[in-house]
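The values are calculated or read from the model by the stated rules, or taken from the named source; none is laboratory data. Source: prediction; values computed, not measured. With ideal geometry, Cβ positions are generated from the backbone for all residues, glycine too; neighbour counts draw on all protein chains shown. SASA here: full protein model, heavy atoms, side chains in, ligands and nucleic acids out. Shrake-Rupley method; radii C 1.70, N 1.55, O 1.52, S 1.80 Å.
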Amino acid sequence: MEHTMSTAAAKTALLDALLSLKTREEADAFLADLCTPAELRAMAERWQVARMLDAGDKTYREIAAEAPASPTTVVRVARSLKDMPHQGYRLVLDRLKA
């Protein structure tokens with residue numbers, strides 16, 4: 001019999017794994033194993049866009065050019081910062097400021 005895990009349970013296991021990491025080096029090693037280089041670049045890009053949007057001193061076009069990210073990515077991240085119920089970007093941005 002195959003042992004399968006529901007998507008929700010797999011996501012919970014991933015979150016637990018992330019929460020177990022204690023240093024940047026551990027996080028880097030785990031993410032390097034977990035993600036492709038393109039996935040890591042995309043996540044780092046979105047995080048850079050979120051930080052730049054939060055700073056509030058650049059236009060979307062300037063952020064897209066500097067990140068470098070597509071205008072679509074900038075708009076999606078901006079929407080997440082403003083309108084989405086999860087508010088994950090906001091939570092982390094505020095924690096890092098404290």
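If you go through segment 1-46 and keep only what is within 30 Å of THR59 (Cα to Cα) and either open to solvent by 70 Å² or more (accessible area, probe 1.4 Å) or of a type in the set (Gly, Ala, Ser) (or both), you end up with PRO37, ALA38, GLU39, ARG41, ALA42, MET43, ALA44, ARG46. With respect to the conditions (1) under 15 Å from the mean Cα position of the chain (by Cα); (2) surrounded by 11 or more Cβ atoms within 10 Å (Cβ to Cβ); (3) free of Cβ contacts under 8 Å to residues at least 12 places away in the same chain, VAL75 falls short on a single one, namely (3).
Select from segment 36-48 the residues that are out of contact with any Lys or Arg (no Cβ under 9 Å at 6 or more places or on another chain) and either under 16 Å from LEU81 (Cβ atoms) or not small (Gly, Ala, Ser) (or both) and list them in ascending order. Walk me through how you get there before you give the answer.
Of the residues in segment 36-48, the ones out of contact with any Lys or Arg (no Cβ under 9 Å at 6 or more places or on another chain) are 36-45, 47-48.
Within segment 36-48, THR36, PRO37, GLU39, LEU40, ARG41, MET43, GLU45, TRP47, GLN48 qualify.
Against the test of being under 15 Å from the mean Cα position of the chain (by Cα), in a helix (DSSP H, G or I) and without any contact (Cβ under 8 Å) to a residue 12 or more places away in the chain, the options LEU40, LEU53 yield a single qualifying residue, LEU40.
Scanning segment 37-67 for residues that are more than 18 Å from GLY88 (Cα to Cα) and in contact with a helix residue (DSSP H, G or I) (Cβ under 9 Å, 6 or more places away or on another chain) yields GLU39, LYS58, TYR60, ARG61, GLU62, ILE63, ALA64, GLU66, ALA67. In segment 56-72, of all residues being part of a loop (DSSP other than H, G, I, E, B) and hydroxyl-bearing (Ser, Thr, Tyr), the one that is least open to solvent (accessible area, probe 1.4 Å) corresponds to SER70. Within segment 61-72, residues that are on the phi < 0 side of the Ramachandran plot have Cβ atoms under 8 Å from residues that are part of a helix (DSSP H, G or I) and of a type in the set (Asp, Glu) in these pairs: ALA67/GLU45; PRO68/GLU45; ALA69/GLU45, counting only partners at least 6 apart in sequence or on another chain.
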